[in-house]
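Colleague: I'd like to ask some things about the structure below.
The values are calculated or read from the model by the stated rules, or taken from the named source; none is laboratory data. Note that the coordinates shown come from a computational prediction; the quantities given were computed from them, not determined experimentally. Here the Cβ positions follow ideal geometry from the backbone for every residue, glycine too, while neighbour counts run over all protein chains shown. The protein model used for the area step is the full one, side chains on, heavy atoms only, and it has no ligands, DNA or RNA in it. Shrake-Rupley method; radii C 1.70, N 1.55, O 1.52, S 1.80 Å.
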Amino acid sequence: MMAFEQTPKKDWYSILGANPSASISDLKQNYQKLILMYHPDKQSADVPAGTMEECVQKFIEIDQAWKILGNEETKKEYDLQRHEDDLRNMGPVDAQVYLEEMSWNKDDHSFSLSCRCGGKYSVSEEEAEEVTLVSCDTCSLIIELLHGS
Ligand SMILES: [Zn+2]
């Protein structure tokens, strides 16, 4: 039985008050502004305990968000995850396909598969290691990539 719990997903961009398309330097600006605003040391001594706790919570979240979005590598990973979530929300997966079932294109080092709409699913060799969902380049169908053992 699968018993693991999924950690609730947080939208790190909205925590930093930014768009997913924001540049790292924009994100940094927002982060610096917010981290000052919510810094526990910056709160006046007479704020109610509950408010103080919220601030600390917020402060931690902002810090976490920046740890993820302020780093090229983790940002890329997070963006990919977001992208997959978006795809999942778009509709049901049309088919499950093993990478071996896709055709390998030597020229651009990618795998591809024809969609029934006539379009093409394609994924680069590098992406194939990480992504599990691939969308058709023409229609809105999605396939799930299975990683064989
Ligand atoms: Zn298609």
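Colleague: Based on the Cβ-Cβ distance of residue 54 and residue 90, what FRET efficiency does E = 1/(1 + (r/R0)^6) give at R0 = 35 Å, to the nearest 0.05?
Modeller: 0.50
Colleague: For the chain, what is the accessible area per residue in Å² when the probe is 1.4 Å?
Modeller: 70
Colleague: Give the residue from 121, 104, 81 lying farthest towards the positive end of the charge dipole for the stretch 73-149; charges sit on Cβ (+1 for Lys and Arg, -1 for Asp and Glu) and the dipole is referred to the Cα centre.
Modeller: It is 121, whose Cα lies furthest towards the positive end.
Colleague: Sticking with this structure for a sec: Where both partners of a DSSP beta bridge lie in the chain, what percent of those bridges are antiparallel, to the nearest 5?
Modeller: The antiparallel fraction comes to roughly 75 percent.
Colleague: So in the stretch 91-146, what percent of DSSP beta bridges are antiparallel if you round to the nearest 5? It would help to have the intermediate numbers written out before the result.
Modeller: Numbers: 12 of 16 bridges.
Among the beta bridges of the stretch 91-146, antiparallel pairing accounts for roughly 75 percent.
Colleague: Something else about it: Calculate the dipole size of the chain relative to its Cα centre from +1 charges on Lys and Arg beta carbons and -1 charges on Asp and Glu beta carbons; express the result in debye to the nearest 20.
Modeller: Values: 14 positive and 28 negative charges, 98 e Å.
Once rounded to the nearest 20, the dipole reads 480 debye.
Colleague: A further question follows. Would the stretch 47-134 count as rounded, prolate or oblate if I go by the C-alpha gyration tensor, calling it rounded below 1.5 in a/c and otherwise prolate when a/b exceeds b/c, oblate otherwise?
Modeller: prolate
Colleague: A further question follows. Report, in degrees rounded to the nearest 10, the 0 to 90 angle that the Cα long axis of helix 49-69 makes with the longest principal axis of the chain.
Modeller: Between helix and principal axis, roughly 40 degrees.
Colleague: I would also like to ask the following. Go through the chain and flag any cysteine with no other cysteine's C-beta closer than 4.7 Å, please.
Modeller: 55
Colleague: Sorted by mean Cβ packing within 10 Å, highest first, what order do the peptides 99-105, 47-53 take?
Modeller: Averaged packing, sorted descending, gives the order 99-105, 47-53.
Colleague: Using θ = phi - 60° and the Karplus curve 6.51 cos²θ - 1.76 cosθ + 1.60, what whole-Hz ³J(HN,Hα) does each residue of the stretch 125-138 get, with Gly and Pro shown as x?
Modeller: 4, 5, 5, 4, 6, 9, 7, 10, 10, 10, 9, 5, 7, 10
Colleague: Along the Cα→Cβ direction, 7 angstrom out, place labels at residue 71 and residue 120. What is the inter-label distance in nm?
Modeller: Between residue 71 and residue 120, the label points sit 3.6 nm apart.
Colleague: Give me the angle, in degrees from 0 to 90, between the Cα long axis of helix 24-37 and the longest principal axis of the Cα atoms of the chain, rounded to the nearest 10.
Modeller: 30
Colleague: In addition: If we count trypsin sites (Lys or Arg not before Pro) as exposed when they sit in a DSSP loop and have at most 13 other beta carbons within 10 Å, what is the longest stretch of the chain that avoids them all? Don't jump to the answer; show the numbers that get you there.
Modeller: Values: sites that count: 9, 10, 106, 116.
No qualifying site falls inside 11-105, the longest such stretch.
Colleague: How far, in nm, would the chain grow between residue 108 and residue 80 when pulled straight, counting 0.36 nm per residue and subtracting the alpha carbon separation?
Modeller: 8.0 nm
Colleague: Taking amide H positions as placed 1.01 Å from N in the peptide plane, with prolines and chain starts having none, which residues 5 or more places from residue 133, or on another chain, fall under 5 Å of its amide H?
Modeller: Here the answer is 145, since their amide H atoms fall under 5 Å of that of residue 133.
Colleague: Also, I was wondering about something else. In the chain, carbon and sulfur make up what percent of the accessible area (probe 1.4 Å)?
Modeller: 49
Colleague: In what sequence, largest accessible area first, do 146, 87 appear using a 1.4 Å probe?
Modeller: I get 146, 87, largest accessible area first.
Colleague: Here's something else I'd like to know. Mind putting a number on the dipole of the stretch 91-146 about its Cα centre? Charges go on the C-beta only, +1 for Lys and Arg and -1 for Asp and Glu, and I need it in Debye to the nearest 20.
Modeller: Numbers: 3 positive and 12 negative charges, 71 e Å.
Value, rounded to 20: 340 debye.
Colleague: With 28 Å as the limit, write out which pairs from 10/120; 28/120; 10/106; 67/120; 76/120 have Cα-Cα distances beyond it, or answer none.
Modeller: 10/120; 28/120; 10/106; 67/120
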